[in-house]
Amino acid sequence: MNQRTRLVRFSAWLLLLCQLFVLIGCKPPVTDTPQDQEPRPPFENCAHVDENNDDHCDTCGITVLVVLDFYAINDLHGKFADGDTHPGVDELTTYLKTAVAADDSAILLSSGDTWQGSSESNLTRGFILTDWMNEMDFACMTLGNHEYDWGEEAIEQNAALAEFPFLAINIYDRATNERVDYCEPSVLVEQDGLVVGIIGAIGDCYSSIAPDKVEDVYFKTGRELTELVKAESERLRALGADLIVYSLHGGHSQSSYDDVSVIATSRLSAYYDISLSDGYVDLVFEGHTHQRYVLKDEHGVYHLQNGGDNKGISHVELAVNPLNDTWRIRKAEFVSTDRYSSLADDPIVNDLMTKYEDQVSLGATVLGHNAASRDSYTLRSLVAKLYYEFGVSRWGEQYNIVLGGGYLTTRSPGYLPAGEVTYSQLQSVFPFDNRLVLCSVKGRDLSSKFFNTNNSNYFIHYGDYGASIKNNIDPNATYYVIVDSYTSSYAPNRLTVVEEYAVDYFARDLLADYIKAGGLKK
């Protein structure tokens with residue numbers, strides 16, 4: 001028998017032997033294939049077992065792990081298109097689409113404050129971002145406090161557009177004491193045979209919303225929220241959830257720039273009940289505080305937040321062994337925009353800008369020239385002055401107006417660069433739609449809440465009359481001030497609304513008219 005004949009007979013014998021191993025369910029003798037490869041014929045019909053818990057089938061040797069990736073945004077604040085000081089979502093879209101294409105087992109979610117903060121989103125009342133999330137196939141969006149900046153009607157309109165649920169287990173209707181109907185407590189998502197339950201909640205940030213926008217709802221927080229989440233977790237597990245994710249619009253107050261930091265329970269307690277980590281919640285994505293961190297609590301549960309204002313995203317990669325009902329986190333990280341800013345722009349951003357062109361075109365309007373960069377302090381001081389001057393021109397003949405101003409904050413980028421100024425820039429710095437209001441106030445509150453306040457976000461401007469009485473205020477006398485509807489509706493200020501300027505004319509509009517008149521040329 002020649003060598004060629006022997007080789008052919010040996011190959012035939014080896015093929016017969018392999019087929020026999022498959023029939024009797026034994027492991028083939030060849031083991032030099034990488035262990036983590038996907039199953040290949042003829043072993044794809046193996047009844048996998050992993051009795052030795054090494055994440056590989058005891059019979060055929062392939063990995064039995066299922067990898068599941070979460071990508072979470074929080075506090076995007078409408079940063080849809082590229083601006084002078086912030087990136088848009090065009091490169092992020094490319095990054096996420098690439099990640100999802102590489103691994104179908106990916107879940108995208110938002111932990112709140114998605115809409116408010118940019119010209120494109122504000123002018124469309126959030127629709128352009130909701131449409132983007134539809135295109136990206138987001139699993140859900142937790143409601144944040146700034147989702148209420150345009151009132152419940154805007155939330156309901158966006159909910160009708162969204163192809164994913166809005167989540168908030170703890171927002172209740174005051175009239176019925178039932179959960180509001182424009183959001184759900186949770187959602188179940190199935191990926192590669194795994195069932196993930198996502199519970200959403202808004203944190204204890206009711207006071208961060210203009211009271212008139214939430215007068216018909218209330219939030220259950222503290223122990224009430226904990227019990228709601230525990231009950232929902234048990235319900236979802238009974239429905240087959242393998243993993244419970246908590247998407248909370250609330251978070252830790254400090255950033256941590258290490259890969260993973262262990263956080264003491266005492267430092268979590270301000271916004272999170274550690275008992276939830278004891279079997280009820282497996283992973284937490286957070287928001288609201290605009291911090292950047294990857295934290296692990298005493299039960300080993302990860303907490304992530306990505307800083308907000310489109311500075312990056314949170315990413316968690318889980319490896320699940322469905323045979324043994326075990327899982328572990330292989331990667332938990334903050335993904336900075338630096339990781340994807342050089343990618344090609346995805347066309348969906350331009351497509352959506354075209355779709356909403358009629359609404360967003362106002363943002364490109366050039367208002368005038370700004371001779372020098374103006375920081376947040378300067379801008380807020382100027383707005384207080386403009387409040388005062390507007391109030392005097394409208395109501396000054398009837399009332400002695402002491403001052404203008406109140407609680408004034410700016411949003412990212414927080415300043416106005418030198419050069420041509422567009423309406424879009426003003427809408428980013430002053431995004432809030434708070435109307436101008438004439439209010440009366442008792443002298444004692446005028447003194448403590450305005451003239452002598454310790455709140456660094458209160459800015460005031462007064463003229464000759466204010467200067468003449470500021471050091472000799474009668475605590476029982478009534479005085480008049482010009483503020484916006486956020487300051488007027490904040491109960492501790494004890495302001496009484498005399499008249500509201502009903503036209504949609506806000507701080508940024510005062511500033512826009514000031515710039516048009518050449519007010520920032522020097």
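Annotations for the structure displayed:
- Within region 173-183, considering residues that are of a type outside the set (S, T, N, Q) and open to solvent by less than 90 Å² (accessible area, probe 1.4 Å), the one nearest to residue 140 (Cα to Cα): 183
- Screening region 477-494 for residues that are open to solvent by 20 Å² or more (accessible area, probe 1.4 Å), in contact with a Gly (Cβ under 9 Å, 6 or more places away or on another chain) and outside any strand (DSSP E or B) and picking the one that is modelled with the lowest pLDDT gives 490.
- Verdict on residue 152 being more than 23 Å from residue 364 (Cβ to Cβ), among the charged types (D, E, K, R) and out of contact with any Leu (no Cβ under 6 Å at 6 or more places or on another chain): yes
- Qualifying residue in region 457-476 (condition: part of a strand (DSSP E or B), exposed (fewer than 15 other Cβ atoms within 10 Å of the Cβ) and in contact (Cβ under 8 Å) with a residue 24 or more places away in the chain): no
- Residue, surrounded by the most Cβ atoms within 10 Å (Cβ to Cβ), within region 378-411, restricted to residues that are part of a loop (DSSP other than H, G, I, E, B) and not charged (D, E, K, R): 408
- Residue in region 369-377 that is without any contact (Cβ under 8 Å) to a residue 60 or more places away in the chain, in a helix (DSSP H, G or I), acidic (Asp, Glu) and more than 23 Å from residue 502 (Cα to Cα) present: no
- Restricting attention to region 125-150, the residues being assigned to a loop (DSSP other than H, G, I, E, B) and either over 24 Å from residue 214 (Cα atoms) or open to solvent by less than 10 Å² (accessible area, probe 1.4 Å) (or both) number 6.
- Condition broken by residue 222, with the remaining ones in (1) surrounded by 17 or more Cβ atoms within 10 Å (Cβ to Cβ); (2) farther than 27 Å from residue 194 by Cα satisfied: (1)
- The listed residue being open to solvent by less than 30 Å² (accessible area, probe 1.4 Å) and touching a strand residue (DSSP E or B) at 6+ places or on another chain (Cβ under 7 Å), out of 318, 352: 318
- Considering residues of region 412-444 that are over 30 Å from the mean Cα position of the chain (by Cα) and open to solvent by less than 10 Å² (accessible area, probe 1.4 Å) only, the residue farthest from residue 360 (Cα to Cα): 443
- For region 100-120, the condition holds for no residue, the condition being that it is part of a loop (DSSP other than H, G, I, E, B), open to solvent by 10 Å² or more (accessible area, probe 1.4 Å) and under 24 Å from residue 251 (Cα atoms).
- Test: residue in region 505-513 that is modelled with pLDDT under 95 and open to solvent by 30 Å² or more (accessible area, probe 1.4 Å): yes
- All positions within region 321-362 that are of a type outside the set (A, V, I, L, M), in contact (Cβ under 8 Å) with a residue 60 or more places away in the chain and touching a Gly at 6+ places or on another chain (Cβ under 8 Å): 322, 337, 339
- Taking (1) in contact with a strand residue (DSSP E or B) (Cβ under 8 Å, 6 or more places away or on another chain); (2) among the β-branched types (Val, Ile, Thr); (3) open to solvent by 10 Å² or more (accessible area, probe 1.4 Å) in turn, residue 94 satisfies each apart from (1).
The values are calculated or read from the model by the stated rules, or taken from the named source; none is laboratory data. Keep in mind that this is a model prediction, so the values were computed, not measured. Every residue, glycine among them, receives a Cβ derived from its backbone with ideal geometry; neighbour counts consider all protein chains shown. Areas reflect the complete protein model, heavy atoms only, side chains present, ligands, DNA and RNA absent. Shrake-Rupley method; radii C 1.70, N 1.55, O 1.52, S 1.80 Å.
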